[in-house]
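**Student:** Dumping the structure here so I can ask a few things about it.
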Amino acid sequence: MADLFPLPSSSLPAGFQWAAVQAGIKASGRADFAVALAQNGATAAAMFTSNRMTAAPLVIDKLHLEATGGRVRAIIVNSGNANCATGQVGYDACKQSCMAAAEIFNCPPAEVFPSSTGIIGVPLPVEKIIAALPAAKNALGAAPQNAEDFARGIMTTDTRPKVAHASFSVDGKPVRILGFAKGAGMIHPQLVPHATMLVYLFTDVSISAADLNTQLQAAVAESFNCISIDGDTSTNDTVLLSASGASGVEYAPTLAEEFSRALTAVCQSLAHQIVDDGEGVTHVVTLQVNGARSVADAKQVARAIAHSPLCKTAWSSGDPNWGRLIAAAGYSGVPIEPAQVSISIGPHKVFDHGTRGSFDEAATHQTMLQREFTITIELGMGEAACRFVTCDLTTEYVHINADYST
């Protein structure tokens, strides 16, 4: 398991190529158009935002996956423009880009998977994407540098690319899983089976779209659906898992557990990297909620704490204000009994069965000055638990987002 560049060649799933070029969408002049190609096609499964205001490419993606029964040949991603809230013009632009890509990559338009990320409400300059397609095709390759180019090409306010990979062997044949992600703000994914978080996962196992879908839903539940930076759910959140089958290993029920472990590890690494690179983040906080009646209850308590501006600002300065934590748990909507609840910040029990714990405030403050620390909430209501990764709220986040559209 790894999550840093440079990527070893052995980490790259067979059957895929990647590239990124400058299409001229970003004013910065940086690479803003990325392409991934499955040379012989791939099975695919995807999950998308639950936001009812949905960007045009997500609508097209759902239609394409349904039409092909879960097949993908080309993934095209532009950054700098979300192609959201742009009306029929946005849908037409998306369709035009898919038709142009289909011609370039010699596949049906329905096997093209488009994505967009960036500012909302600005018409997508599709002519720039179409003009960049030949250069993107020429830049495609299966080397580590090509993969890194793809990772950088999908970035917006990210300060660094995000990548993770894992592998295991079956009868001496390696099965590889490689993932890329972008996202630093507007992050509180609520993905359902049908700026922004985009995640692209690649594997070379031979597997059906239905089995991919089962595996993806389980991995997302323990990773991307358990993080939050600012509580805002994007209009463009997308997670795509595609499988080339080029490893020669056939997926079988006996491989389900091992594949699940590897996929979940990749997803959890990418999810953590997204929070760690959050806009203005100075502290990454893991909320470990135990003793809930259900996983849903545990997540609900975690979200209430993660989205509390009072909690998040306290974390930015290392203030061990446990009152804000128990208050957020109390208004989360989950029935709790305060006399059964205990809360610890790192090893320091700050709230003990309904009252202040006997903790060293200075030592707790020092724990909270670390880049990462864990807050454990014991609800005493059941056996379910949730691990939720979030962050502090700083003035830098305000500056970034106050000036974003300008």
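**Student:** Measuring from label point to label point, each 7 Å out along Cα→Cβ, what is the Thr254 to Ser50 span in nm?
**Tutor:** Going by the 7 Å Cα→Cβ label model, 3.8 nm.
**Student:** How many nm is it between the label spots at Tyr331 and Glu127, if each spot is 7 Å from the Cα in line with the beta carbon?
**Tutor:** The modelled label-to-label distance comes out at 5.1 nm.
**Student:** Let me ask something else about it. Which cross-chain or sequence-distant (5 or more) residues have an amide H under 5 Å from the amide H of Val170, H modelled 1.01 Å from N in plane?
**Tutor:** Correct list: Val175.
**Student:** Treating cross-link reach as a plain straight distance, find the lysines whose alpha-carbon is under 17 Å from the alpha-carbon of Lys128, omitting any fewer than eight places away in the same chain.
**Tutor:** Partners within reach: Lys26, Lys95, Lys137.
**Student:** In the chain, what is the volume of the convex hull around the alpha carbon atoms, normalised per residue and reported in Å³?
**Tutor:** Roughly 133 Å³ of hull volume per residue.
**Student:** Moving on. In whole Hz, what ³J(HN,Hα) sequence does the range 256-262 give by Karplus (6.51, -1.76, 1.60; θ = phi - 60°), x for Gly and Pro?
**Tutor:** The phi angles translate into 4, 5, 5, 5, 4, 4, 5 Hz.
**Student:** If you don't mind, another one. Could you derive backbone 3J(HN,Hα) for the range 38-55 from the dihedral phi with the Karplus parameters 6.51, -1.76 and 1.60 (θ = phi - 60°), listing whole Hz in sequence and x where the residue is Gly or Pro?
**Tutor:** My calculation for the range 38-55 gives 9, 4, 10, x, 8, 6, 8, 9, 9, 10, 10, 4, 8, 4, 6, 8, 10, 5 Hz in order.
**Student:** Using Cα-Cα distances under 8 Å and only pairs 6 or more residues apart, what relative contact order does the range 284-402 have, in percent?
**Tutor:** After rounding, I find 46 percent.
**Student:** Next question. Taking R0 as 41 Å, what's the FRET efficiency between Gln22 and Val398 from their Cβ-Cβ distance, rounded to 0.05?
**Tutor:** In this case the efficiency is close to 0.85.
**Student:** For a label point 7 Å from the Cα of Leu63 along Cα→C-beta, name the residues of the range 81-105 whose backbone N is under 12 Å from it.
**Tutor:** Once the point is set 7 Å along Cα→Cβ of Leu63, 88-99 turn out to lie under 12 Å by backbone N, inside the range 81-105.
**Student:** Taking 0.36 nm per residue of sequence separation and subtracting the Cα-Cα distance, how much length would be gained by fully extending the chain between Ala135 and Ser9, in nm to one decimal?
**Tutor:** 43.0 nm
**Student:** Given the Cα-Cα distance of Phe168 and Met99 and 0.36 nm per residue of separation, how much length would full extension add, in nm?
**Tutor:** Stretched out fully, the Phe168 to Met99 stretch lengthens by 21.1 nm.
**Student:** Rounded to the nearest 0.05, what FRET efficiency is calculated for Gln340 and Ala221 with R0 set to 25 Å and r the Cβ-Cβ distance?
**Tutor:** 0.40
None of the figures in this text is laboratory data; all of them are computed from the coordinates on show. Only a predicted model underlies this, so the values are computations on that prediction, with no experimental measurement involved. Reconstructed Cβ throughout: ideal geometry from the backbone, glycine too, with neighbour counts over all protein chains shown.
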